[in-house]
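To start, the structure under review is shown below, and the notes come after it.
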Amino acid sequence: MDYFSISGGDPLRGSVRVRGAKNAVLPILAAGLLSEETLRIPNAPKLSDVKTMLTLLEAMGCRVQRDDDGAVEVEAKGDIIWEATWDHVRQMRASICVLGPLVGRFGRAKVSLPGGCVFGVRPIDMHIKGLAALGAKITLEEGFIEAVVPGHESGARLPGGEVFLGTPAGPTVTGTMNVLMAATLAEGRSVIHGAACEPEVGDLIKCLNSMGARISGEGSPTLIIEGVERLGGATHAVIPDRIEAGTYLMAGAITGGRVRVEGCVPGHLSAPIDAMESAGYVFEMGEDWIEIAPRRERPRPVDVTTQPYPGFPTDLQAQMMALMALADGTSVITDRIYPDRYMHLAELLRLGAHIRRQGSSAIIEGIPSLSGAPVTASDLRASAALVMAGLVAKGTTTVHRVYHIDRGYQRIDERIGELGGRISRLSE
Ligand code: EPZ
């Protein structure tokens, strides 16, 4: 099993180009189930999660292809198995995104309930509520969601309907995506109220409309979908990964370096940039790049609460905590999306950080320096936070179970090495 060995203390310097967004490419690959023609994504990132989704789609009978440059294709033609087993879904929660396309195109689906993950229960009650509102009959049996469109055997389509998808923590991203994808092939009009406004939802809408769907309201919490008979193929380049971009900017910040992130959308990062500016960092930005300038002093303490987009993203919460561990004061981070998303906290304590939990918040008392130690990754974004901390900790930090990080960051060790970080990938 791979692990990283990191020697701290070197400021990162240089530029890094972000890849296609993981949380756009995964649902868009699932959207390939909606058409018998080819859906091609020329800029898919080379991530293990993409491989996992392609494996699932292939097991369902789709033709899939992944080129050396990362481009991927999916074509759902012929006999498609409208089932996603527990073995697939437990590997990656985003597999749940096949549910909506299966119901929309085939009138039935049998998808394993995803279960929880290390940072929370992560229910899918809104996915179920939304599909039921469109006219599907849903049953939960033996750990599976079974969805059936009445009369689908004789060609009946999902009727369509209107639904509010908000949850106590705000909109649901993949819940919006599932209901949206099913609605594209419904008989009539559907309206989703309280839809997620994340850029990845907008990107999915753009892709679906290029396949022939009729969706309006992109970027707003109200989506209107006029059902169509069928969808065609498309070639769709996904948006850049805003979380990857934010992670590299925070890695530049924590090491006191100068890092330019290229190929990103600065407008997707307003909240994290605002938080880092409050911490005293200075940025320059252009149409598709952001550069953070070196800061010699410790960051100023900043209180952060995660929110649905365009608020501070929960997927950058762990990385911000690592940065605030070195602030010249006390910060409070509150995760309103996933109140228990603090697996990284205990590992940061191993590096000498002074942080304590208080309900859905973490109180971070900044200290001048961290000291290297072996730490264990637990989830995708926590792993990135531990790599960041290792880049600034005195001495050597080893980060174990880096398969977590490979799920969402393409060869992060090589790219940090190109920025001057002393990091190597070893096997234990
Ligand atoms: C997406 O997960 C992302 N994953 C997550 O990124 C991200 O953290 C999350 O959105 C929030 O932004 C993908 O897009 C593949 P939600 P998702 O449904 O869709 C509650 C990463 O690191 N909720 O938007 O599963 C839920 O408990 C991953 O890349 C319900 O109550 O998240 C949470 O509090 C981690 N009922 C809130 O909504 C539901 O039916 C937001 O969850 C669904 C969600």
Q. In which sequence would Val118, Val302, Val148 go, from the one with the fewest C-beta neighbours within 10 Å to the one with the most?
A. Val118, Val148, Val302
Q. Pick from Arg298, Arg63, Arg105: which residue has the top mean-square fluctuation in a GNM of the chain where Cα pairs under 10 Å get a spring?
A. Arg63
Q.
If you wrap a convex hull around the alpha carbons of segment 171-268, what volume per residue comes out, as a whole number of Å³?
A. 93 Å³
Q) How big is the Cα convex hull of segment 232-301 in projection, averaged over all directions, in nm²? A) 5.2 nm²
Q: Report, in debye and to the nearest 20, how large the dipole of the chain comes out about its Cα centre when Lys and Arg carry +1 and Asp and Glu carry -1 on their Cβ.
A: 660 debye
Q: Select from Ile6, Val118, Gly408 the residue farthest towards the positive end of the dipole of the chain; place +1 on Cβ of Lys and Arg, -1 on Cβ of Asp and Glu, and compute about the Cα centre.
A: Ile6
Q: Please name which of Leu370, Pro301, Leu419 has its Cα lying farthest along the dipole of the chain towards the positive end, using unit charges on Cβ (Lys, Arg +1; Asp, Glu -1) and the Cα centre as origin.
A: Leu370
Q: Kindly put Asp241, Asp79, Asp315 in sequence by how many other C-beta atoms sit within 10 Å of each C-beta, fewest to most.
A: Asp79, Asp315, Asp241
Q.
Using the Cα centre of segment 250-333 as the reference point, and only Cβ charges (+1 on K/R, -1 on D/E), how large is the resulting charge dipole? Debye, rounded to the nearest 20.
A. 340 debye
Q | DSSP bridge pairs, segment 341-427: antiparallel proportion in percent, nearest 5 | A | 55 percent
Q. In deg cm²/dmol and to the nearest 500, what is the mean residue ellipticity at 222 nm of the chain if only DSSP H runs of at least 4 residues count, each as -39500 (n - 2.57), divided by the residue total?
A. -8500 deg cm²/dmol
Q) Expressed as a rounded percentage, what relative contact order does segment 1-159 have, with Cα pairs under 8 Å and six or more residues apart? A) 18 percent
Q: Provide the three semi-axes, in whole Å and in decreasing order, of the ellipsoid equivalent to the chain as defined by the square roots of 5 times the Cα gyration tensor eigenvalues.
A: 39, 21, 20
Q.
As a footprinting exposure proxy, order Lys110, Lys22 by other Cβ within 10 Å, with the fewest listed first.
A. Lys110, Lys22
Q. For the chain, what's the relative contact order in percent, using C-alpha pairs closer than 8 Å and at least 6 residues apart?
A. 21 percent
Q: Any chance you could count the Lys pairs in the chain whose alpha carbons are under 14 Å apart, treating pairs 8 or more apart or on different chains as valid?
A: 4
Q) Remind me, relative contact order of segment 289-363 in percent, using alpha carbon pairs under 8 angstrom and six or more residues apart? A) 31 percent
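Readers should treat all values here as calculations from the given coordinates under stated rules, not as data from a laboratory. The structure displayed is predicted, hence computed values, not measured ones. Positions of Cβ are generated from backbone atoms using ideal geometry, with glycine treated the same way; all protein chains shown enter the neighbour counts.
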